[in-house]
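Single-structure report; data block below.
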Amino acid sequence: MHTNNENTDTKSRQPVSVVTGGAGFLGSHLVDYLLAKGHKVIAIDNLVTGRVENISHLSGNENFKFIKQDVTQYLFLSEKIDYVWHFASPASPIDYAELPIQTLKVGSLGTHKALGLAMRNKARFLLTSTSEIYGDPLQHPQTEDYWGNVNTVGPRGCYDEAKRFAEAMTMAYHREHQVETRIVRIFNTYGPRMRLRDGRVVPAFVGQALRGEPITIYGTGSQTRSFCYCSDLIEGIYRLMMSDYCYPVNIGNPTELTILDFAKEIVALTGGRSELIYKDLPVDDPKRRKPDITRAKTLLNWEPKVDLKEGLKRTIEWFSKQPI
Ligand code: UDP
């Protein structure tokens, strides 16, 4: 059942949304989506991993405002806010390995500040959590009631534990202060506006293929991932915010493939001739990952529409117009 349960205040006036991390890859796609839905949008980003280029097309748009601020600092906004979408965080394994303390702070202190902003405004709050909270999963595919297998002290612990804390904090605000909260667990997502050198597999492989360089497969490439195109993900997240469900919901594409097959697909789609080379598998790299999306299908009537070939074509086309 897909309920359209908009924040009641906004039925008669323009809804106002705050997007933390609004200049990032996914945050900026959400900003575009919300503006198209008629929201007034305030994006907050400290530009540590976000980029002004992702929102520069919105300058002059009277429904859009950008505030350069670290969301771990107190957030004061004079407007009445209806929705807080908390997207801010470094999200690639390389980024959070370089910024472990900022990653922990934005997941903990940043989530606390964003929840405080929502509470003060009686706004609805959505946390972007992650499939990383399942760690190197012992259950496959991953359902929302799986509690995970996380190494707290490994290199990914700063991200995984920050997001696990953020989920706990979100539920605490829901239970203690009756804030209307939503939690999405995002699985691997790709598309235009990813940073070429953020270390994630999609920009890494596409960049290497377009430059004609060898494709770097970590380990044997037998580890699996399931890739969701960004527009599908944003649609799922929007539906979740507008639902009345407060427990975590996986949003991702359940089509699972090995990293080796993924590399071959990218080489074929770019028409390149890159050879495949093998490098050490990073510590704690999850061996398998695939969302069980039954909950999203049932509650939100959502499932991905863009298949991998189509999504990769759009992504490659975008990257090929960037300086690589
Ligand atoms: N990977 C790879 N080569 C690269 C970058 C990543 O083989 O140049 C692998 C990585 O080891 C992982 C998968 O691709 O198994 C996805 O990595 P990514 O960093 O995109 O995100 P993760 O799903 O691990 O959070």
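The values are calculated or read from the model by the stated rules, or taken from the named source; none is laboratory data. These numbers were taken from a predicted model, which means no experiment stands behind them. Please note: Cβ atoms are built from the backbone with ideal geometry, for glycine as well, and neighbour counts cover all protein chains shown. Heavy atoms of the whole protein, side chains included, go into the accessibility calculation; ligands, DNA and RNA do not. Shrake-Rupley method; radii C 1.70, N 1.55, O 1.52, S 1.80 Å.
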In the set 88, 23, which member is surrounded by 18 or more Cβ atoms within 10 Å (Cβ to Cβ), on the phi < 0 side of the Ramachandran plot, in contact (Cβ under 8 Å) with a residue 60 or more places away in the chain and assigned to a loop (DSSP other than H, G, I, E, B)?
88
Need the failing condition index for residue 266 against (1) within 13 Å of the ligand (Cβ to nearest atom); (2) assigned to a strand (DSSP E or B); (3) of a type in the set (Val, Ile, Thr), just the number.
(2)
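Can you tell me which residues in the range 196-219 are basic (Lys, Arg) and more than 7 Å from the ligand (Cβ to nearest atom)?
We begin by selecting, within the range 196-219, every residue basic (Lys, Arg); these are 197, 200, 211.
Within the range 196-219, 197, 211 meet the criteria.
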Selected residue (criterion: most open to solvent (accessible area, probe 1.4 Å)) from residues of the range 147-204 that are polar (S, T, N, Q) and assigned to a loop (DSSP other than H, G, I, E, B)
178
Can you pull out every residue in the range 114-140 that is in contact with a Lys or Arg (Cβ under 7 Å, 6 or more places away or on another chain), charged (D, E, K, R) and open to solvent by 20 Å² or more (accessible area, probe 1.4 Å)?
136
Condition set acidic (Asp, Glu) and either without any contact (Cβ under 8 Å) to a residue 24 or more places away in the chain or within 16 Å of the ligand (Cβ to nearest atom) (or both), scope the range 277-302, selection nearest to residue 224 (Cα to Cα): answer is 285
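Considering 312, 281, 276, 257, which residue is in contact with a strand residue (DSSP E or B) (Cβ under 7 Å, 6 or more places away or on another chain), under 19 Å from residue 232 (Cβ atoms) and aliphatic (A, V, I, L, M)?
Details: 312 fails: in contact with a strand residue (DSSP E or B) (Cβ under 7 Å, 6 or more places away or on another chain); 281 fails: under 19 Å from residue 232 (Cβ atoms); 276 fails: under 19 Å from residue 232 (Cβ atoms).
The unique qualifying residue is 257.
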Flagged in the range 94-113 as of a type in the set (D, E, K, R) and either surrounded by 24 or more Cβ atoms within 10 Å (Cβ to Cβ) or touching a residue at least 24 places away in the same chain (Cβ under 8 Å) (or both), in numbering order, are 95, 105, 113
Residue 279 fails exactly one of the following numbered conditions: (1) over 30 Å from residue 31 (Cα atoms); (2) of a type in the set (Lys, Arg); (3) crowded, with 20+ Cβ neighbours inside 10 Å. What is the number of that condition?
(3)
So which pairs qualify, if the first residue must be in the range 161-173 and free of Cβ contacts under 8 Å to residues at least 24 places away in the same chain, the second must be open to solvent by less than 20 Å² (accessible area, probe 1.4 Å) and part of a helix (DSSP H, G or I), the Cβ gap must be under 9 Å, and the two must be at least 6 apart or on different chains?
172/115
Please go through the range 96-141 and pick out each residue that is within 16 Å of residue 285 (Cα to Cα) and within 16 Å of the ligand (Cβ to nearest atom).
96, 97, 130, 131, 132, 133, 134, 135, 136, 137, 140
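Pick out the one residue from 222, 231, 243, 274 that is within 13 Å of the ligand (Cβ to nearest atom) and either open to solvent by less than 60 Å² (accessible area, probe 1.4 Å) or not in a loop (DSSP other than H, G, I, E, B) (or both). Step through it out loud before you land on a result.
Values: 222 fails: either open to solvent by less than 60 Å² (accessible area, probe 1.4 Å) or not in a loop (DSSP other than H, G, I, E, B) (or both); 231 fails: within 13 Å of the ligand (Cβ to nearest atom); 243 fails: within 13 Å of the ligand (Cβ to nearest atom).
Of the residues listed, the single one that is within 13 Å of the ligand (Cβ to nearest atom) and either open to solvent by less than 60 Å² (accessible area, probe 1.4 Å) or not in a loop (DSSP other than H, G, I, E, B) (or both) is 274.
Looking only at the range 58-78, decide whether some residue is under 17 Å from residue 230 (Cα atoms), at pLDDT 95 or above and open to solvent by less than 10 Å² (accessible area, probe 1.4 Å).
Filtering the range 58-78 down to residues under 17 Å from residue 230 (Cα atoms) leaves none.
Looking through the range 58-78, none of the residues is under 17 Å from residue 230 (Cα atoms), at pLDDT 95 or above and open to solvent by less than 10 Å² (accessible area, probe 1.4 Å).
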